[in-house]
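Throughout, read-outs are computed from the coordinates displayed, never taken from laboratory work. This one's a predicted model, so the numbers in the text were calculated from it and none came from an experiment. Note that we place each Cβ from the backbone using ideal geometry, even for glycine, and neighbour counts take in every protein chain shown.
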Amino acid sequence: MGQAVRSRLPWKHCWITGGSSGIGRALALAMASQGVSVSISGRHPGALAKVQAEAADLPGRICNLPLDITDSAAVQALVDGWQPEAFPDLIILNAGTHQPDSAQNFSLHQARRLVDINLQGTLNCLAAVLPGMTARGSGQLAVMASVAGYRGLPGAAVYGATKAALINLTESLQPELAEQGIRLQLINPGFVKTPLTDRNRFPMPWLVPAEAAAEAILKGLRSRRFEISFPGRFVFWLKLARLLPYRLYFSVVARITRA
Ligand SMILES: NC(=O)c1ccc[n+]([C@@H]2O[C@H](COP(=O)([O-])OP(=O)(O)OC[C@H]3O[C@@H](n4cnc5c(N)ncnc54)[C@H](OP(=O)(O)O)[C@@H]3O)[C@@H](O)[C@H]2O)c1
């Protein structure tokens, strides 16, 4: 894609999976407003086109690349379509979904769907982009996980499991990729107001607007930090909860969920 406009951020071309809605959309618009060329992917061309139209007057161009990340062949074909000089210098593997679950109505179909999109889909993208990036020895990559991956939470058993897996995966890959000149970062947001969380029927502490989330992520992507997590106070309490022994952790969780 063309990169005629001068970017005011350290990147010329960013690829965002899940760029048609919520956090991905806010990130795409924030980067385009700073002159970055942004390629956005999602399954629905109409939703991508809407974001592209919103960016019509911004200095950076938005290019729509419809894609289902669960289709590994389609992901590979999309990545193979970029000439080395047009390859994104920032890739944000953000696409994901959430569906509350319960032990009583546990659905294998729903569990597989979450694993296919959140975990397998992200693996499909990583498998497609890593060979070129490691061959060039450059580039920046960020994986969208969640604070829900820190410890098990009622109602988010499978979602939390996919996000815990992404946290572990990203931690595992970071040292090797750093040695090869690739910057890998992990994004762990708390609650962000998006169509995904609009479905939640419980009070969400420290809920932040998608635009504020995009701002925090962009700040983190420019920093040397491995983990980009926010909002600070929520993350602080959840990280503290990681240190609790199981008996104490389960009694705190039971008290909160009964309240
Ligand atoms: N909102 C929060 O509070 C929060 C907190 C922590 C982490 N996160 C994570 O942040 C990411 C974005 O969430 P969001 O809140 O912005 O949700 P969202 O508004 O529902 O956006 C999800 C995006 O992912 C895309 N997507 C879903 N399945 C896909 C697939 N199979 N292939 C390609 N694209 C797909 C969607 O587009 P299509 O449906 O058109 O494909 C959409 O663009 C997710 O990974 C989520 O787990 C969110």
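Each residue of region 175-192 was assigned a 3J(HN,Hα) from its phi angle through the Karplus curve 6.51 cos²θ - 1.76 cosθ + 1.60 (θ = phi - 60°); the sequence is x, 5, 5, 4, 5, 8, x, 10, 8, 10, 10, 10, 10, 10, x, x, 6, 10 Hz, with glycine and proline shown as x. The fewest-to-most ranking of Met204, Met144 by surrounding Cβ atoms within 10 Å reads Met204, Met144.
The distance separating the Cα centre of region 32-101 from that of region 210-259 comes to 27 Å. Rounded to the nearest 0.05, the FRET efficiency derived from the C-beta distance between Val252 and Asn105 at R0 = 22 Å is 0.35. By the count of neighbouring beta-carbon atoms within 10 Å, fewest first, Val253, Val147 end up ordered Val253, Val147. For the chain, pairs of C-alpha atoms spaced more than 35 angstrom apart make up 14 percent of the total.
Please report the projected area of region 122-259's Cα convex hull averaged over all directions, in nm². Its Cα hull, projected and averaged over all orientations, spans 9.2 nm². Computed over the Cα atoms of region 1-93, pair by distinct pair, the Kirkwood hydrodynamic radius stands at 12.9 angstrom. Each residue of region 141-158 was assigned a 3J(HN,Hα) from its phi angle through the Karplus expression (A = 6.51, B = -1.76, C = 1.60, θ = phi - 60°), giving 9, 10, 10, 8, 10, 5, 5, 5, x, 5, 8, x, 10, x, x, 9, 4, 7 Hz with x at Gly and Pro. Going from the residue with the fewest nearby Cβ atoms within 10 Å to the one with the most, Trp206, Trp15 rank Trp206, Trp15. Near Asp89, once Lys and Arg are set to +1 and Asp and Glu to -1 for all other residues with Cβ below 12 Å from its Cβ, the sum equals +2.
Placing a pseudo-label 7 Å from each Cα along the Cα-to-Cβ vector at Ala259 and Asp57 gives an inter-label distance of 4.5 nm. The rule of thumb for compact globular proteins, 2.2 N^0.38 Å, goes into the C-alpha radius of gyration of region 204-259 1.43 times. Farthest towards the positive end of the charge dipole of the chain, among the residues Pro84, Gly152, Asn94, is the Cα of Gly152, using unit charges on the Cβ of Lys, Arg, Asp and Glu. Three principal axis extents of region 54-136 based on alpha-carbon atoms, in descending order, are 52, 36, 17 Å.
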